[in-house]
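Peer 1: First, the structure itself, so that you have it in front of you.
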Amino acid sequence: MKFKIYFPLFILFLSISKFSFSQEKNTLNANEFLTMHYYTFSGSVNQDKIDELEKALLKLEFVSEAKVKYKSEKSVGQITLVVKEKTITKEGDKSFSPTSIKQLILKNGLTPMEYSTGQYTR
């Protein structure tokens, strides 16, 4: 008798815990993929400008994560972006453009250096 009462509660607990403790935040559709973009730069900049640059990068289309690392002793830094794109299936589809990163670097008075891209791994 007790088993019949506790079994539905146990099932309910399992289903709720699956959704509340899920670590998967970036769910992707079948035609979406994540890529990493790296852009190094040089120049002198303070922490406030780095924070502003990071916020501006997050506002770019397709960007889901942005991180700026800067070494003041060498006056060089690196921008790391996680970009969520869709597979291009027709002529009018848009894709991420790395020139927007370069424009933000130049706008902040910095010198863009090397750009590279890689596969995103969790």
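Peer 1: Per-residue counts of other Cβ atoms within 10 Å, averaged by peptide: what ranking do you get for 62-72, 111-121, highest first?
Peer 2: The peptides rank, most packed first, as 62-72, 111-121.
Peer 1: Moving on. Give K67/K90; K69/K102; K69/K90; K74/K94; K71/K107 a once-over and call out the pairs whose C-alpha atoms are over 27 Å from each other.
Peer 2: Going by Cα-Cα distance, K67/K90; K69/K90; K74/K94 fall outside the 27 Å limit.
Peer 1: Rounded if a/c is under 1.5, else prolate if a/b is larger than b/c, else oblate: which is the stretch 26-119, with a ≥ b ≥ c the root eigenvalues of its Cα gyration tensor?
Peer 2: Prolate, because a/c is 1.5 or more and a/b exceeds b/c.
Peer 1: Report the FRET efficiency, 1/(1 + (r/R0)^6), for L34 and E91, where r is their Cβ-Cβ distance and R0 is 22 Å, rounded to 0.05.
Peer 2: That gives a FRET efficiency of 0.40.
Each value in this text was obtained by applying a stated rule to the coordinates, not by laboratory testing. Note that this is a predicted model, so its numbers are computed, not measured. Cβ atoms come from the backbone with ideal geometry, glycine included; neighbour counts cover every protein chain shown.
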